[in-house]
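J.: Take a look at this one; I'll ask things after.
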């Protein structure tokens, strides 16, 4: 499956993973754009924009509360665990579009959450931020300052945290190997990360059961799930 020689793998000192909803789907977290994606039953423009939130914060929070409970019950799968184990053999960083925290649950240490975290909340006015690990009973929740709290995630039309993004670009530009896992690579600007890696002559591997728009630009495409593919990569490293 991994058509790489031991000599090639030994050269990959810095590995960057770019992960999307597909890697968490095997942990029971629904994807947005797959056959059973969340957007099939909901209008994203009513749930994931700042205008929608201010228009109906109760509806948005009810949906996010349900998602939070689903994510809290989810456990890292073999794909997440394999990435964490690779830290024993190489310098590994994860640039994830996911907001579920499963990479951290699996033990990965260097994780940049490009689109924020559903575990975290923040005030819509003041600087208050916090992690809330239980169900939110007051809908919509209020800050001590009296204003509404919101999920600390990046909604459609919002900019990424610039410090997080700049660090992601640096890591992408410095890596020897980039592995793109479970993402359709249609969401900007995350879909430009492989370009930064390629500018550094990094080797690009895509792991996805389906082709993406950038599949032709990959050095290696593996049409399988991360839970099956990534443990095989770990086994190669163990034999070096």
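The values are calculated or read from the model by the stated rules, or taken from the named source; none is laboratory data. Note that this is a predicted model, so its numbers are computed, not measured. Positions of Cβ are generated from backbone atoms using ideal geometry, with glycine treated the same way; all protein chains shown enter the neighbour counts.
J.: Give just the number: which of (1) over 16 Å from the mean Cα position of the chain (by Cα); (2) within 23 Å of residue 84 (Cβ to Cβ); (3) surrounded by fewer than 18 Cβ atoms within 10 Å (Cβ to Cβ) does residue 176 not satisfy?
T.: Every condition holds for residue 176 apart from (3).
J.: Within region 148-190, work out how many residues are assigned to a loop (DSSP other than H, G, I, E, B) and either touching a residue at least 12 places away in the same chain (Cβ under 8 Å) or under 19 Å from residue 221 (Cα atoms) (or both).
T.: Residues in region 148-190 being assigned to a loop (DSSP other than H, G, I, E, B) and either touching a residue at least 12 places away in the same chain (Cβ under 8 Å) or under 19 Å from residue 221 (Cα atoms) (or both): 16 in total.
J.: Then there is this: Looking only at residues in region 191-205 that are touching a residue at least 12 places away in the same chain (Cβ under 8 Å) and part of a helix (DSSP H, G or I), which one is surrounded by the fewest Cβ atoms within 10 Å (Cβ to Cβ)?
T.: 199
J.: For region 72-92, check the following and say yes or no: at least one residue is buried (at least 18 other Cβ atoms within 10 Å of the Cβ), closer than 30 Å to residue 239 by Cα and without any contact (Cβ under 8 Å) to a residue 12 or more places away in the chain.
T.: Checked against the condition, which is being buried (at least 18 other Cβ atoms within 10 Å of the Cβ), closer than 30 Å to residue 239 by Cα and without any contact (Cβ under 8 Å) to a residue 12 or more places away in the chain, region 72-92 yields no hits at all.
J.: Would it be correct to say that residue 181 is within 15 Å of residue 95 (Cβ to Cβ), in contact with a helix residue (DSSP H, G or I) (Cβ under 6 Å, 6 or more places away or on another chain) and at pLDDT 95 or above?
T.: Considered against the rule, which asks whether it is within 15 Å of residue 95 (Cβ to Cβ), in contact with a helix residue (DSSP H, G or I) (Cβ under 6 Å, 6 or more places away or on another chain) and at pLDDT 95 or above, residue 181 comes out as yes.
J.: Need at least 1 residues that are modelled with pLDDT under 90 and under 24 Å from residue 16 (Cα atoms) per element, so show me which helices (runs of 4 or more DSSP H) inside region 37-141 make the cut, counting only ones lying wholly within it.
T.: The helices (runs of 4 or more DSSP H) meeting that bar number zero.
J.: In region 130-138, is there at least one residue being in contact with a helix residue (DSSP H, G or I) (Cβ under 9 Å, 6 or more places away or on another chain), surrounded by 13 or more Cβ atoms within 10 Å (Cβ to Cβ) and within 17 Å of residue 116 (Cβ to Cβ)?
T.: Scanning region 130-138, I find at least one residue that is in contact with a helix residue (DSSP H, G or I) (Cβ under 9 Å, 6 or more places away or on another chain), surrounded by 13 or more Cβ atoms within 10 Å (Cβ to Cβ) and within 17 Å of residue 116 (Cβ to Cβ), so the answer is yes.
Residue by residue, here is whether (1) out of contact with any strand residue (DSSP E or B) (no Cβ under 9 Å at 6 or more places or on another chain); (2) at pLDDT below 95; (3) surrounded by 14 or more Cβ atoms within 10 Å (Cβ to Cβ); (4) not assigned by TED's automatic domain parsing to the domain that holds residue 83 holds:
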| residue | (1), (2), (3), (4) |
| --- | --- |
| 207 | no, no, yes, no |
| 211 | no, yes, no, no |
| 216 | yes, yes, no, no |
| 231 | yes, no, yes, no |
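J.: Out of 107, 101, which single residue is under 18 Å from the mean Cα position of the chain (by Cα), surrounded by fewer than 22 Cβ atoms within 10 Å (Cβ to Cβ) and on the phi > 0 side of the Ramachandran plot?
T.: 107
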